[in-house]
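Single-structure report; data block below.
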Amino acid sequence: MSLKERITEDMKSAMRSGEKERLATIRLITAAIKQREVDERITLDDVQVLSVIEKMVKQRKESIVQFEAGGRADLVAKEKAELDVLAAYQPTQLSGSEVDALIAAAIAATGAASIKDMGKVVAHVKTAAAGRADMASVSARVKAKLAS
């Protein structure tokens, strides 16, 4: 079962069980997927659907920071609930040691020696991690490794 089919099935089950908040979030996911399919005139595969979900997760995390700064606890709770639903569709995240191992392998594979080679290393790790790591933290770790 593809990720898109799983999302559709989860939407149906949320409708049947009356989970309004979960249903609303799943509808947001399907709308984002359909929007990208229409814009690019393609049918998204699992990797592309995962990138749509990652983008939505990133947006929710940024919104939570902004709403906390603004003192809007109600909106923070709403965004966190959406984030929990989105997280169910993401693959399990890599641990810090696994990310460090990927970074070390990428540095060895690309022959990176300085900060100038950071882009190559991050691109290599991004393909290897495939949605299982936060690329902002990966980028910071790569920068720290190459700087030392």
*Considering the dipole of the chain built from charges on the beta carbon (Lys and Arg +1, Asp and Glu -1) around the Cα centre, which of 106, 2, 31 is farthest to its positive end?*
106
_Net dipole in debye of region 22-112 [+1 Lys, Arg Cβ; -1 Asp, Glu Cβ; about Cα centre; nearest 20]_ = 340
*Between the alpha-carbon centers of region 119-136 and region 1-67, tell me the distance in whole angstrom.*
22
*Gain in span if fully extended, residue 58 to residue 80, counting 0.36 nm per residue against the direct Cα distance*: 6.7 nm
*For region 61-148, just run the numbers: alpha carbon Rg, then divide by 2.2 N^0.38 Å, N being how many residues it has.*
1.35
*Please give the helix 96-110 orientation as an angle from the longest Cα principal axis of the chain, in degrees from 0 to 90, rounded to the nearest 10.*
50
*Which percent of the Cα-Cα distances in the chain go past 27 Å?*
36
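Provide the packing ranking of 25-37, 111-123, 64-76, i.e. peptides ordered by the mean count of other C-beta atoms within 10 Å per residue, highest first.
Highest to lowest by the protection proxy: 25-37, 111-123, 64-76.
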_Using alpha-carbon coordinates, inclination of helix 118-129 to the longest axis of the chain, degrees_ = 50
*Could you tell me how many degrees, from 0 to 90 and to the nearest 10, lie between the Cα long axis of helix 20-40 and the main elongation axis, the longest principal axis, of the Cα atoms of the chain?*
60
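Readers should treat all values here as calculations from the given coordinates under stated rules, not as data from a laboratory. Everything numeric here is computed off the predicted structure, so don't read it as measured data. Cβ coordinates were reconstructed from backbone atoms using ideal geometry, including for glycine residues, and neighbour counts include every protein chain displayed.
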